[in-house]
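Presented below is the structure to which this report refers.
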Amino acid sequence: MRQQIVAGNWKMNKTLDEGLELVKNVLERLEQRPHGPVVFAVPHPYLQAVAKMLKVRKGFHLAAQNCHHEEKGAFTGEVSADMLASVGTEYVLIGHSERRQYFKETNEQLARKVNLALAKGLLPIFCCGEPLAIRERGTHVGYVAKQLKAALFHLHEADFRKIAIAYEPIWAIGTGRTASTEQAQEMHAAIRVLVSKKYGKSVADDTSILYGGSCNAQNAPDLFRQPDVDGGLIGGASLKAEDFTAIVNAMK
Ligand code: PEP
């Protein structure tokens, strides 16, 4: 079912104590306030501790920032979808642009990650988005279409329905340069059309498409008001309780 979701991606930030303090502050600030699903995408070593804190509160969910594309085996230092599920993880980010850029993750690997995550009961938040050169060339819709087709469109409808998509233009991530509301809405609507062509209108209408890229307390209300923007994936602004809760409160 389509819903607005706000997910905070801590990336490689915070010690355990700092992270738990942040979660505690967010939970306190949102006490008694109705809101849509709030997801914390925390570093792997903190999953279990954060899972414990979130267990007792409705509306808060735990995500990992990545999983490996193999089920198990001799992959020193890697973490499997099964391991994530076994410590109470519910969502997993797949295909974040930093993983694609710095770890050379390919669409083929991402498709395998999506398959494994679903097989282990995790809900993928699939990230897509174009670099600046592609945006400037005006071929961004085609670029994102290729990412979706290569990593998601092999799924059966029932599995596709478990996916949330995060549109994150790379030129807006961590740069302070947000997509305008028009740019975000245009791409989100285009993604919904792509999903509709593949799976039909009802699936497309039910798909949550989050915006990511320098989303903050100031621009979130306008972005989230767009008809095809269903919340956000938040990096930098998820690291401060005050900023993150303001973004959560901007949900429609
Ligand atoms: C992200 O990394 O997913 C992200 C959107 O980062 P930021 O909000 O810092 O641009």
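Taking helices (runs of 4 or more DSSP H) that do not extend beyond the range 55-127, which have at least 1 residues that are within 16 Å of the ligand (Cβ to nearest atom)?
Because the criterion is at least 1 residues that are within 16 Å of the ligand (Cβ to nearest atom), the helices (runs of 4 or more DSSP H) in the range 55-127 that meet it are 97-102, 107-119.
Just give me the residues in the range 129-165 being out of contact with any helix residue (DSSP H, G or I) (no Cβ under 7 Å at 6 or more places or on another chain) and either more than 18 Å from residue 109 (Cβ to Cβ) or not aliphatic (A, V, I, L, M) (or both), in sequence order.
133, 136, 137, 138, 139, 142, 146, 149, 156, 158, 164
Under the condition of being more than 16 Å from the ligand (Cβ to nearest atom) and of a type in the set (D, E, K, R), which residue from the range 128-155 is nearest to residue 179 (Cα to Cα)?
As a first pass, look at the range 128-155 and keep what is more than 16 Å from the ligand (Cβ to nearest atom): 133-134, 136-143, 145-146, 148-155.
Keeping just the survivors that are of a type in the set (D, E, K, R) gives 136-137, 146, 149.
Details: 136: 13, 137: 16, 146: 20, 149: 23 Å.
Residue satisfying both the conditions and the ranking: 136.
Kindly indicate which of 108, 136, 157 is over 18 Å from residue 42 (Cβ atoms) and without any contact (Cβ under 8 Å) to a residue 24 or more places away in the chain.
Residue meeting the stated conditions: 136.
If you take the residues of the range 18-27 that are touching a residue at least 40 places away in the same chain (Cβ under 8 Å) and not polar (S, T, N, Q), which of them is nearest to residue 250 (Cα to Cα)?
26
Here is a check on your reading of the model: is residue 213 surrounded by 18 or more Cβ atoms within 10 Å (Cβ to Cβ), in contact (Cβ under 8 Å) with a residue 60 or more places away in the chain and touching a strand residue (DSSP E or B) at 6+ places or on another chain (Cβ under 6 Å)?
Numbers: surrounded by 18 or more Cβ atoms within 10 Å (Cβ to Cβ): yes; in contact (Cβ under 8 Å) with a residue 60 or more places away in the chain: yes; touching a strand residue (DSSP E or B) at 6+ places or on another chain (Cβ under 6 Å): no.
Answer is no for this residue.
Only one residue in 119, 166 is within 27 Å of residue 69 (Cα to Cα) and in contact (Cβ under 8 Å) with a residue 60 or more places away in the chain. Which one? Spell out the reasoning first.
On the way: 119 fails: in contact (Cβ under 8 Å) with a residue 60 or more places away in the chain.
On inspection, the qualifying residue turns out to be 166.
Counting only residues that are loosely packed, with under 13 Cβ neighbours inside 10 Å and without any contact (Cβ under 8 Å) to a residue 40 or more places away in the chain, how many does the range 1-17 have?
Final tally of qualifying residues: 3.
Identify, by number, the condition in (1) within 29 Å of residue 78 (Cα to Cα); (2) surrounded by 13 or more Cβ atoms within 10 Å (Cβ to Cβ) that residue 45 doesn't meet.
Here residue 45 clears every test but (2).
Could you tell me whether residue 76 is of a type in the set (S, T, N, Q), surrounded by fewer than 17 Cβ atoms within 10 Å (Cβ to Cβ) and out of contact with any Ser or Thr (no Cβ under 8 Å at 6 or more places or on another chain)?
Details: of a type in the set (S, T, N, Q): yes; surrounded by fewer than 17 Cβ atoms within 10 Å (Cβ to Cβ): yes; out of contact with any Ser or Thr (no Cβ under 8 Å at 6 or more places or on another chain): yes.
Considered against the rule, which asks whether it is of a type in the set (S, T, N, Q), surrounded by fewer than 17 Cβ atoms within 10 Å (Cβ to Cβ) and out of contact with any Ser or Thr (no Cβ under 8 Å at 6 or more places or on another chain), residue 76 comes out as yes.
Please go through the range 220-235 and pick out each residue that is farther than 17 Å from residue 187 by Cα and surrounded by 19 or more Cβ atoms within 10 Å (Cβ to Cβ).
Once the filter is applied, which keeps residues that are farther than 17 Å from residue 187 by Cα and surrounded by 19 or more Cβ atoms within 10 Å (Cβ to Cβ), the range 220-235 yields 234, 235.
Here, each number is a calculation from the coordinates, and none is a lab measurement. Predicted model only: the values in this text are computed from it and were never measured. Ideal geometry is used to build each Cβ from the backbone, glycine not excepted, and the neighbour counts take in all protein chains shown.
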